[in-house]
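Have a look at the structure below, then the notes.
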Amino acid sequence: MSTLLKVMLLGLLSMSAYAEEAKLEKIEVATDKPALARGAEDWMNNCHSCHTMKYVKYRDLLNLGIDKAKVDGWRGEASLDTPVIAQMSEADDMATFARVPPDLSLMAQARDGGPNYMYSYLIGYYLKPDGTAGNHVFPETKMPDPLGISSASDAAQRSEIKKTAGSITSFLTWAADPHAGERTKLGNYVMVYLVLLSGLLYLVKKQIWSRLK
Amino acid sequence: MSGPIINWIDKRFPLTSFVKHELTDYPTPRNLSYWWNFGFLAGIVLVMQVATGIFLAMHYKADASLAFDSIQHIMREVNYGWLLRYMHAVGASAFFFVIFVHMARTLYYGSFRAPRELLWWTGQGLLLMLMATAFMGYLLPWGQMSFWGATVITNLFKVTPFIGDDIVIWLRGDYSVGDDTLTRFFSLHYLFPFLIIGAVIVHLVALHTVKSSNPSGIDLKAKDNIPFHPYFTAKDLYGLGIFLIVYSVFVFFMPNSLIEPANNVPANPMVTPNHIVPEWYFLPFYAILRSVPNMFGGVVAMALAVMMFAFMPFLDRSRIPGGARYRPIYRIQFYLFLLDMLVLGYVGYKPPTNPSIVVVGQVATFCYFASFFVVPFVSKMEESWLIKRGLPQGIMELMEREKRDLEERKQEHRRRKGDTV
């Protein structure tokens, strides 16, 4: 029945060959605490005015290891146990953009391509001939170019903006699945345990079956 | 087993004799390969799903305005809630994977043949219940794909003659999928696993009546049977270890690979996703549904596609035992069928906007049903070809014995009829 396995594997390969329409930039998502703290800061500076993260509380940021003084600065009067709500009110959003900007708690997992999509979207702005900014990844977007990459022509400036986009993406990837680090760490122990257990069970099986003539 | 407590119990309940009859003395063919592990694995996955599900239900809120938030509460605030949820979500896929392999093994080795028809049909019933449970469970996270998947599938009942529209409203509890749908799906999603456990017991009673088939297809002599315990408990536990390794890779390292990104967006009746796809295990059947241009025809085709397996004991007319092992043509048919399932799965995954995909889907749907309908003719022709070519001694003997038995039974029947007339 090894043919069966081969047939199944071939099928799986053909499934993964199906890719998204727009070509996405690949990004290595950072998971270390300093990078996430930098990402949180970039997010607060560039996104917090309009976007909410209703499943993330200020205390979660504190637990992530971000400086208490910084978190206090971001939350202002709000308690540590309130979610991170956008600074702009929804009424103002409606007046300015005719829609409420989406919640970003799960955004890193809510689009095909995940973090790659998010990163490519943030750096996907370009100047159209009429002088307004368009986006390669999401042409219908209502969001004005948040990091200003469409008007940046200097190479150093562009790479700085890409770095910011990357760190925001890393932060939002953490926000979408805050236990991912704990999960993979536990997963490593579980794998070692299961491999050892299976090895022992194989020996038990062999031992028991050796009684048969 | 002995001792005063066991003796006390044995006078009141057949504990020792039960363990003896079903485990330590239960005869199992010694030549069973690892493909026979998957029934046991399905049982374990069922237990894991029930266990994780019960704990998830303690934290989940079956309310359209709270459901999505409560999943995030489980993922972020409940101790090891992420583990429970990922185990349950991956477990659903694992369940279908294990069941599909279990069914493929049955088809490959012809284990559905007499006298195991009832075993196969109870399994078919279990598959239907599993599909219903998975479908209802998928609504509970209340994401976009949950909502629109449930909308599309409940809408299919519209094709019921005369009362179609009423049935759809009755199923949903409302004119569209909403809070009433969510609460009833939650209630039934909690009920069905226990019905499945009941049906599994019936499945096992049938199994222990007719005993396991084996790769040779011939009922083995007593000396080739070994007790289930400890031999197959040991073999099944080793298989379980391997299964858990694969399962844990998904749970711990790639749990989101099986969750559609769109389901991380809360359900919104005003926005239809670009492309509504079911979970991978429904894709072949979804492709068949879409391949028939007429909605009524599509629903009938899809329902038939799931039920076709039940007809196999009637369709397979070859008297050669052992399924594909001794039957090269049946083996080719088996692999072509698997290939067709994969093609259908691919078609179900792609949006139907591409006309060539639609044509591929229609051809694959035709092949799906054709591969069942040709079985009676091909199996008969293959049988006479193989007999002419020569079969192993044991198999010829078995076939002759079965033929003799059948003749005798027919004569017996005729004699009795003659007596009464």
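So the values come out like this:
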quantity	calculated
Debye intensity ratio I(q)/I(0), log10, chain A, q values 0.15, 0.18 Å⁻¹ (C-alpha model)	-1.06, -1.36
Distribution of pairwise C-alpha distances over the range A:96-201, 10 Å bins, in %	13, 33, 25, 13, 9, 5, 1
C-alpha center-to-center spacing [the range B:346-421, the range B:124-169] in angstrom	33
Potential lengthening between A:S49 and A:E182 on full extension [0.36 nm per residue; Cα-Cα distance subtracted]	44.9 nm
Residue-averaged beta-carbon neighbours from other chains (10 angstrom radius) around B:233-241	6
On Cα atoms only, tilt of A:2-16 relative to the major axis of chain A in degrees	0
Difference of contour (0.36 nm per residue) and Cα-Cα distance, B:D10 to B:F100	28.4 nm
Overall dimensions of the range B:138-283 by Cα: Rg and Dmax, Å	22.0, 67
Mean shadow area of chain B, taken as a quarter of the surface of its Cα convex hull (nm²)	27.8
Rg to Rh quotient for the range B:283-390, alpha carbon positions, Kirkwood Rh	1.06
Lysines with Cα under 26 Å of A:K213, excluding same-chain neighbours fewer than 8 positions away	A:K205, B:K20, B:K211, B:K221, B:K223, B:K235
Degrees, to the nearest 10: B:179-210 long Cα axis against longest axis of chain B	10
Chain B: angle of helix B:38-57 to the longest principal axis, Cα-based, in degrees nearest 10	30
Segments A:125-131, B:362-368, A:182-188 sorted - mean Cβ within 10 Å per residue, highest first	B:362-368, A:182-188, A:125-131
Average partner coverage of A:194-200, which counts Cβ from other chains inside 10 Å	5
Most mobile of B:Q124, B:Q411, B:Q333 in a GNM of chain B (Cα contacts under 10 Å)	B:Q411
FRET efficiency for B:N79 and B:M396, using Cβ-Cβ distance with R0 set to 60 Å, rounded to 0.05	0.40
Violating pairs (Cα-Cα greater than 27 angstrom) within the set A:K23/B:K350; A:K23/A:K70; A:K33/A:K142; A:K162/B:K350	A:K23/A:K70; A:K33/A:K142; A:K162/B:K350
Most positive-pole-ward Cα, B:S318, B:V347, B:I357, against dipole of the range B:283-390 from beta carbon charges	B:S318
Area projected by the alpha carbon convex hull of the protein assembly as shown, averaged over all directions, nm²	40.0
Shielding by other protein chains, A:40-49, mean Cβ within 10 Å	0
For q = 0.21, 0.29 Å⁻¹, Debye-computed log10 I/I(0) when each Cα of the range B:1-71 counts as one equal scatterer	-0.95, -1.13
Partner lysines for B:K61 [C-alpha distance under 30 Å; skip if fewer than 8 residues away on the same chain]	A:K54, A:K57, A:K185, B:K158
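Readers should treat all values here as calculations from the given coordinates under stated rules, not as data from a laboratory. Please read these numbers as outputs of a predicted model, since none were measured by experiment. Neighbour counts are summed over all protein chains in view; Cβ atoms, including those assigned to glycine, are modelled from backbone coordinates with ideal geometry.
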